[in-house]
Amino acid sequence: MHSQQVTAEPPSNDVPGALWSPASGADRAPLTFDVIIAGCGPTGAMLAAELRLHDVRVLVLEKETEPKSFVRIVGLHIRSLELMAMRGLLDRILQHGRQRPAGGFFAAINKPAPKDLDSAHAYLLGIPQPVIERLLEEHAIELGAQVRRGCAVTGFEQDDEGVTVELADGERLRSRYLVGCDGARSTVRKLLGVGFPGEPSRTETLMGEMEVGVPQEEITAKVAEIRETHQPFWLRPFGEGIYSVVVPAAGVSDRAEPPTLEDFQQQLRAIAGTDFGVHSPRWLSRFGDATRLAERYRVGRVLLAGDAAHIHPPIGGQGLNLGVQDAFNLGWKLAAQIRGWAPETLLDTYQAERHPVAGDVLDNTRAQMELLSTEPGPQAVRRLLTELMDFDEVNRHLIEKITAIGIRYDFGEGPDLLGRRLRDIDVKQGPLYGLLHRGRGLLLDRTERLTVGGWSDRVDHLADPTAALDVPCLLLRPDGHVAWIGDDQRDLDDHLSRWFGKPAA
């Protein structure tokens, strides 16, 4: 079945020249689901859980029959840890991870994190990728999402009422929306015809975790020597005798073929003159520096998130975090559309807010990759930046960029806090994030005289004059970003309507 682009809703998503071919009522499968999600990685699983908080009927289709078996360590940055705390997931996840200082991220320039970062979770959490994927999938299933493995999406058609999705075995499913969370080679994105401009891979790097056969002192001395001329090169201890190994590949090759331990040994000997006795790998992979950003995140009733919408080199460890944060931004908005209370343009704000964030991540990873070059020019810039990062303001800016706590969405004119996320402050019930587990909005009212009125089915109200804030009142969206600041009820009502639609009758 060949996918066709449909200009469904709203008009701002019309695609000039798009094909309109709605199936007739007799040909349509029953509208069984509200949302079908292609891909059950961290982005897809997190999106499913966010939708289930609002009783949206969700089916997640994963083409792989089994979860990933290789044990790759990924890092959850500060903003992702905050989001997990908002949904009551952080304690569960912390049991499986290893906390590390929040520093040394930018281009592997070894600078400590600035003091007093504005977060209660100012650290990096290293966690095996299969574990975080399992925990997020279990979370979605506990909330009522359905997950079907061994189901590959091969086509879809959308019309003014929904999307008909076809699977590899010919089965046809029907939902109101389809979200492609199916990775860098996204079938959904390709069938949708959305452009994916950017740069292809120019260089390739081997990455893995394995044991070594020489003392750490010898490794440290040799790595320091090699790093003078080969920046994308390191052996870093990761605990329990395991080292993270990164070494340039001989050249760009077929990424469909996984690297071997012999490939690592060969490249280590070529560059360092020794293979350090590496053995017993936990996982091995290769990555390129391809950098691409989808032209659109939405066409009608089909949306993109995670690696389906953006890819970049893994330097700085932002990829998984960027996708999870896409899911938090999209989930409540898509749920509002389905539940019938979304303001007309709410779903458009997903692309308006997240597309520039991804663009910024692509730019900072481009910059970091340049700083890993051994050419004289990039090395001169690297030395200069290393000096500049001794200034707290510079170091803080880069850390906040990498960890996503510096993001400010454009909500119009207002105090600097408007559009930013609010840290996990103390309120009379305990930590603020404990009040956001249900994925609802929250009015934090220090005046004790405001009300959420007809929006009480979507927004909670906390009157707390002792809250650690220097503003009278603020309105939080379900993703923790500040949507309004003030003390006037009429102004508040306008902003409640802007973000949460018309009040209930």
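The values are calculated or read from the model by the stated rules, or taken from the named source; none is laboratory data. Just so it is clear, the structure is predicted and the values come from calculations on it, not from any experiment. No Cβ is skipped: glycine too gets one built from the backbone with ideal geometry, and neighbour counts run over all protein chains shown. Heavy atoms of the whole protein, side chains included, go into the accessibility calculation; ligands, DNA and RNA do not. Shrake-Rupley method; radii C 1.70, N 1.55, O 1.52, S 1.80 Å.
Taking a spot 7 Å from the Cα of T345 along the direction of its beta carbon, which residues of region 375-413 have an amide N less than 17 Å from it?
Zone members listed by number: 409-413.
Using 0.36 nm per residue of separation minus the Cα-Cα distance, give me the extension gain between L143 and D55 in nm, one decimal.
Taking L143 through D55 to full extension adds about 30.8 nm, to one decimal.
Please tell me the relative contact order of region 359-505 in percent, rounded to the nearest whole number, where contacts are Cα pairs under 8 Å and at least six residues apart.
18 percent
Roughly what percent of Cα-Cα pairs across region 343-502 reach past 29 Å?
Looking at region 343-502, the distances longer than 29 Å represent 33 percent of pairs.
Counting pairs of alpha carbon atoms under 8 Å apart in space and at least six apart in sequence, what relative contact order in percent does the chain give?
It comes to 18 percent, rounded to a whole number.
Hey, can you rank 121-127, 110-116, 470-476 by average C-beta count inside 10 Å, highest first?
121-127, 470-476, 110-116
With label points built 7 Å along Cα→Cβ from the Cα atoms of R449 and D91, find their separation and express it in nm.
Using points 7 Å along Cα→Cβ, the separation is 3.8 nm.
Compute, for H355, the solvent-accessible surface of its heavy atoms (probe 1.4 Å) with the complete set of protein chains present, and express it in square angstrom to the nearest 10.
50 Å²
Could you give the length gained on full extension between L417 and T260, defined as 0.36 nm per residue of separation minus the Cα-Cα distance, in nm?
Stretched fully, the L417-T260 segment lengthens by 51.6 nm.
Using only Cα atoms, figure out Rg for the chain and give it as a multiple of 2.2 N^0.38 Å.
After normalising by residue count via 2.2 N^0.38 Å, the value is 1.01.
Could you order the peptides 319-327, 480-488 from most to least packed, using the average number of other C-beta atoms within 10 Å per residue?
Ranking the peptides 319-327, 480-488 by packing returns 319-327, 480-488.
Between V471 and D116, how high is the FRET efficiency from 1/(1 + (r/R0)^6) when r is the Cβ-Cβ distance and R₀ = 25 Å? Nearest 0.05.
That gives a FRET efficiency of 0.80.
In terms of modelled amide H atoms, which long-range or inter-chain residues lie less than 5 Å from the amide H of R296?
G195
Enter the accessible area per residue of region 394-488 (Å², integer; probe 1.4 Å; all protein chains in place).
Per-residue value: 40 Å².
Please calculate the 1.4 Å probe accessible area of D390, with all protein chains present, and give it to the nearest 10 Å².
110 Å²
Hey, if you put +1 on the Cβ of every Lys and Arg and -1 on every Asp and Glu Cβ in region 95-244, which of A113, V153, G97 ends up farthest toward the positive end of that dipole?
Looking along the dipole axis, the top candidate is A113.
So what's the projected area for region 334-392, the Cα convex hull averaged over all directions, in nm²?
6.3 nm²
Could you list, bin by bin from short to long, the percent of Cα-Cα pairs of region 422-474 in 5 Å steps?
Each 5 Å bin holds this share of Cα pairs: 4, 21, 31, 27, 15, 2.
For a Förster distance of 30 Å, can you work out the FRET efficiency between the beta-carbons of S497 and R408, rounded to the nearest 0.05?
Taking R0 as 30 Å, the efficiency between S497 and R408 is 0.85.
Just for the chain, what percent of DSSP beta bridges are antiparallel, to the closest 5?
Here the antiparallel bridges make up roughly 70 percent for the chain.
Any idea what angle helix 261-272 forms with the longest principal axis of the chain, computed on alpha-carbon atoms, 0 to 90 degrees, nearest 10?
60 degrees
Mind checking the alpha-carbon convex hull of region 171-302 and giving the volume per residue in Å³?
Output value, Cα hull per residue: 162 Å³.
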